[in-house]
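Data block below; observations after.
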Amino acid sequence: MEVASNAPRTILHHFGFKESRSFAASSLFPSCSYKGHYTVCPPHKHAISINSTNSAQSSYLSVPRKYVSLPRHYLKPKEDLNRPYYDNRLHNGNRYVVVRSELAGTGNYDASSPLSEHKLGSKIRGICFYAVTAFNAIFLFVLMLVAHPFVLLFDRYQRRFHHFIAKTWATFTVTPFLKIEYEGLENLPPDIPAVYISNHQSFLDIYTLFTLGRSFKFISKTSIFLYPIIGWAMFLMGTIPLKRMDSRSQLDCFKRCMYLIEKGASVFFFPEGTRSKDGKLGAFKKGAFSVSVKTKVPVVPITLKGTGKIMPAGMEGILNFGSIKVVIHKPMKGNDLDVLCKEARNIIEDELNHQ
């Protein structure tokens, strides 16, 4: 709890505080006095701060349960403090004394309220989603593992069979929960090398892109390869590892992308580098476009819409209701790295802003 400075005489009872027997006014508020049922404090030169992260039993002051949902209360200077509490908290006059609830260390007024039905339903859907994806992944990974020697022998670079397994896994996982709408499928290039790019909003982006059925190589953090089943499958598919903030790893990644394209494979970049927290398109890094310019292969921009609302970044445990739209734009080519980067970003941003 925090009480603003320069307050007039403050009657703590009027803020909804019950006085504990262990409360020592002389030690916590040296200038406070006890009168009847109230503890009266004169104005203070400095703000008084009381730690509210401890439980109500161990703290000096406890907040009545019926007032938990009221995060801020205001009193005018010189107003009648003998008015009932509910009248004080509804007063719209000048703000002088502020009491702010930060129960459990949060400033959210409903931090202690029970989980809403909407959030509970999203959590249940999230649990079911991961149960389905894990069940599918186990069986499909065994099939991928058995076929891996033959894939290395006959299709070492594109690994079409592994990507077919990935498409099957993503489709079986997403279909029971979400609807995906595609636009511009005719813009997908045939089975030729290309640099694919898209915006990045959610963990669902990977599932969505796998359903396209194209044999492109993602670029992923090295730590992801340690995940059981999923990380191992990514290794078998030829996903390109990258250590962030490591210049040597970035150079190796760049060389690996160019090598795969020369061998007939495609690569996939998220030019933002990470998932967007607010749904807005971030600045594009130029690695993908540099690969395109040097290898003279087209850039295929893809816009993903709806994934950030269904499974927001940082909230991978929930799955909200909604639908996903995938827009494949026409392939682009260019010799100017900066111009190509800017044009591709504008195309994706315009589609995101288009309702």
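The values are calculated or read from the model by the stated rules, or taken from the named source; none is laboratory data. Predicted, not measured: the structure shown is a model, and the values here were computed from it. As a convention, Cβ positions derive from the backbone with ideal geometry for all residues, glycine included, and neighbour counts pool all protein chains shown. Surface areas here come from the heavy atoms of the whole protein model, side chains and all, with no ligands, DNA or RNA. Shrake-Rupley method; radii C 1.70, N 1.55, O 1.52, S 1.80 Å.
Side notes on the structure shown:
- Heavy atoms of Glu351 accessible to a 1.4 Å probe, total area in Å² rounded to 10: 30 Å²
- Sum of side-chain charges, Pro149 neighbourhood, beta-carbon under 14 Å (Lys, Arg +1; Asp, Glu -1): +1
- Where region 205-314 is the region considered: accessible area per residue in Å², 1.4 Å probe: 47 Å²
- Per-residue SASA entry for Ile127, accessible area with 1.4 Å probe, Å² rounded to 10: 120 Å²
- Table column - 3J(HN,Hα) (Hz), region 120-127, Karplus curve with 6.51, -1.76, 1.60, x for Gly and Pro: 5, x, 5, 5, 5, 4, x, 4
- Cα gyration tensor, region 198-283 - rounded (a/c under 1.5), prolate or oblate: rounded
- All other residues whose Cβ lies under 11 angstrom from that of Gly317 are scored, Lys and Arg at +1 and Asp and Glu at -1, for a net of +2.
- Accessible-area order (highest first, 1.4 angstrom probe) of the listed residues His329, His162: His329, His162
- Accessible-area composition of region 222-355, carbon plus sulfur, in percent [1.4 Å probe]: 57 percent
- Formal net charge of residues neighbouring Leu185 (Cβ-Cβ distance under 13 Å; K, R +1; D, E -1): 0
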